[in-house]
Amino acid sequence: MFDVDNFIADCCEAVEKDPTHKSAAEVVRRAMSDPSKILESLGEPTEPGITPLYQSSKLTIINLAWKPSTTIPPHNHEMWAVIGIYGGREDNIFWRRIKDHPEGLIEAAGAKALSTGDVCPMGADIIHSVTNPIPRLTAALHVYGGDFFEAERSEWEAERLTEHQLDMDAVRARFSS
């Protein structure tokens, strides 16, 4: 059985031992080895949302449910992240900054589709956009190496790929019903 309190404790212990994403990724991989147990414990999501499970200056754990057919524009986290999908799918495009561009433009650098049970660790310098390409909610556990809600981050405008400050209220609105 997946136990949220044990998962949080294991993530906290992992970050205390190793402040990089590597130890936390192992905790998420163990949890995602049986995504049906996570669904049983957390319940099948019925609406989109960002539900914080744990938040501190060193670690944030979020239960996230994505709306069907939603795309989140390119953004960074300014901290490492580990994403584990326990229901559905998300498609990531990874971006890199165009060297010395005055407007902070980015260009596509790779992609990865994540399905139920998949885990994707990301370094602190990663920029990505995310799409839920399926006609139902996608559910994921997100573990961040810092305070996800308080960090100053960037987002890139989807059409011209110009950089601006990320607005956390706008992010929350994207994940509301």
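The values are calculated or read from the model by the stated rules, or taken from the named source; none is laboratory data. This one's a predicted model, so the numbers in the text were calculated from it and none came from an experiment. Positions of Cβ are generated from backbone atoms using ideal geometry, with glycine treated the same way; all protein chains shown enter the neighbour counts. Just the protein is used for accessible areas: all its heavy atoms, side chains included, with ligands, DNA and RNA removed. Shrake-Rupley method; radii C 1.70, N 1.55, O 1.52, S 1.80 Å.
Accessible surface calculations at 1.4 Å, restricted to protein heavy atoms, place the chain at 49 Å² per residue. When the Gaussian network model of the chain links Cα atoms closer than 10 Å, the mean-square fluctuations of LEU59, LEU42, LEU141 top out at LEU42. Gaussian network model of the chain, Cα springs within a sub-10 Å range: biggest mean-square fluctuation belongs to which of TYR86, TYR144, TYR54? Comparing TYR86, TYR144, TYR54 in a Gaussian network model of the chain, the most mobile one is TYR54. Counting only lysines at least 8 places from LYS112 when in the same chain, those with an alpha carbon closer than 27 Å to its own are LYS22, LYS37, LYS58, LYS67, LYS99.
For region 58-152, the list of trypsin sites (Lys or Arg not before Pro) that fall in a loop by DSSP and count at most 10 other C-beta atoms within 10 angstrom reads LYS99.
Here the chain has 48 percent of its accessible surface on carbon and sulfur atoms, given a 1.4 Å probe and all protein chains in place.
The spacing between region 35-75 and region 101-177, judged by their C-alpha centroids, is 13 Å. Within the chain, the percentage of alpha carbon pairs spaced more than 30 angstrom apart rounds to 13%. Taking every full run of DSSP H in the chain, none both stretches at least 18 Å from end to end by Cα along its long axis and averages 1.6 or higher on the Kyte-Doolittle scale.
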